[in-house]
Amino acid sequence: HVDRVLAIDFHPDGTLIAMAGGEPSRSGELKLWEVGKGMLVRSLDNLHSDTVFGVRFSPDGSLLASCAADKFLKITRVGSGKELRSFEGHTHHVMAVDWKADAKQLVTGGADNVMKLWDFETGEQVRTLQAAGKQVTSIRWVPGKAMVAGASGDGQVRFWNPDNGNIFRTFSGPSDYVFAVAVSADGNRVVAGGADSNLFLWNGENAQVLLKIEPPKSPANPSAARTASTR
């Protein structure tokens with residue numbers, strides 16, 4: 001890669017890794033690597049015209065979704081590298097993407113503060129979900145449920161209902177941008193981290209903070225601490 005790597009996803013069978021990034025305003029890099037030998041399988045560096053922020057294999061591994069600063073969501077066939085669909089609708093960078101478990105729909109999050117729901121089979125936008133306070137940086141669709149988790153630059157993590165577009169639960173605690181979110185398969189645990197260097201774990205059912213992992217405390221006198229550690 002000639003510049004930053006910003007997104008990584010494993011193929012469902014573990015044989016491939018998709019890695020994406022690129023130089024701002026100059027290139028969008030998307031590469032597929034074979035895990036066992038570390039060999040480059042395919043470069044899709046002409047797919048996006050700007051930095052790629054999100055990649056996600058479809059549940060069966062046959063398709064790859066990617067989203068970028070060029071405001072596009074694109075779907076390619078993993079086996080051939082052929083572009084199948086291109087979705088346009090966000091008014092700013094598209095930061096994150098995820099598939100519904102049946103691969104019939106996708107959801108994206110953007111720097112325009114919204115999530116959008118897309119129908120893969122028709123190639124159309126289904127709806128725009130209720131806006132967050134700032135950019136949507138990371139999203140996860142909870143398998144088998146009408147529930148999408150999203151992290152935002154406004155310091156909040158939320159659950160959206162993709163069927164009606166509404167926010168139905170908010171997870172508070174972070175004091176700054178939240179950049180990453182993950183959800184357990186049953187939706188009962190939510191974890192996120194961001195610019196305040198803290199990691200939060202919540203109960204997915206009631207948004208209660210279960211655990212807060214703070215960064216290590218810096219010693220009051222770093223030079224004294226180094227001296228003591230050498231004795």
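Structure notes:
- The strands (runs of 3 or more DSSP E) located wholly in the range 1-84 that include 3 or more residues which are of a type outside the set (D, E) and under 21 Å from W141 (Cβ atoms) occupy 5-10, 16-21, 52-57, 63-68, 72-77.
- Filtered by the rule that a residue be touching a Phe, Trp or Tyr at 6+ places or on another chain (Cβ under 6 Å), closer than 20 Å to G54 by Cβ and open to solvent by 10 Å² or more (accessible area, probe 1.4 Å), the range 126-175 gives T137, M147.
- Selection within the range 138-170: residues that are in contact with a Lys or Arg (Cβ under 6 Å, 6 or more places away or on another chain) and polar (S, T, N, Q). The member of this set that is farthest from A207 (Cα to Cα) is S152.
- Any hit, the range 212-224, residues being within 29 Å of K145 (Cβ to Cβ), open to solvent by 30 Å² or more (accessible area, probe 1.4 Å) and modelled with pLDDT of 90 or more: yes
- Spans of strands (runs of 3 or more DSSP E) in the range 93-187 with at least 2 residues in contact with a His (Cβ under 9 Å, 6 or more places away or on another chain): 105-110
- Scanning the range 119-131 for residues that are of a type outside the set (V, I, T) and under 17 Å from M147 (Cβ atoms) turns up R127, L129, Q130.
- Failed condition for A228, given (1) open to solvent by 40 Å² or more (accessible area, probe 1.4 Å); (2) at pLDDT 95 or above; (3) not basic (K, R): (2)
- Yes/no for E83 being open to solvent by 20 Å² or more (accessible area, probe 1.4 Å), within 19 Å of A18 (Cβ to Cβ) and among the charged types (D, E, K, R): yes
- Hits in the range 88-117 - residues which are crowded, with 24+ Cβ neighbours inside 10 Å and among the hydrophobic types (A, V, I, L, M, F, W, C): V94, M95, A96, V97, L106, V107, M115
The values are calculated or read from the model by the stated rules, or taken from the named source; none is laboratory data. Note that the coordinates shown come from a computational prediction; the quantities given were computed from them, not determined experimentally. No Cβ is skipped: glycine too gets one built from the backbone with ideal geometry, and neighbour counts run over all protein chains shown. Each accessible area value is taken on the protein alone, full model and side chains, heavy atoms only, with ligands, DNA and RNA left out. Shrake-Rupley method; radii C 1.70, N 1.55, O 1.52, S 1.80 Å.
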